[in-house]
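Below: the structure, in structure tokens.
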Amino acid sequence: MRRSEFLRAVDAEFGGRASSLVSDLVLKPLDGRTAAEALDAGVSPRDIWLALCAEADVPLERRHGAGRLEPRRH
């Protein structure tokens, strides 16, 4: 997962709460950092996404592959 995919996934899942969750919610699995702090520290966006999903009780079926662009049509 790339940073841009992470940001799309967060926006798609959390809508208007997305930016506040990324900047304010402290995630224990990420050493007590917020998602924004973890991104800045170089933590994998996928690890951040999974930690955020776990903390926010996102159902498992909505965690895998979220944020990815649709395949290109030829």
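Annotations
- Helix-only mean residue ellipticity at 222 nm for the chain, each DSSP H run of n ≥ 4 adding -39500 (n - 2.57), per residue, nearest 500: -13500 deg cm²/dmol
- Helix axis angle, 45-55 relative to the chain longest principal axis, alpha carbon, degrees: 60 degrees
- Nonlocal amide H pairs with THR34, under 5 Å, H built at 1.01 Å: LEU27
- Most to least packed among 47-56, 12-21, 28-37 [average Cβ atoms within 10 Å]: 47-56, 28-37, 12-21
- If you take the Cα centroid of the range 40-60 and the Cα centroid of the range 1-33, the two points sit 7 Å apart.
- Angle between the chain longest axis and helix 3-14 axis [Cα atoms, degrees, rounded to 10]: 80 degrees
Since every read-out is calculated from the coordinates, none of them should be taken as a lab result. Please read all numbers here as calculations on a predicted model, not as lab measurements. Neighbour counts run over all protein chains shown; Cβ positions are idealised from the backbone, glycine included.
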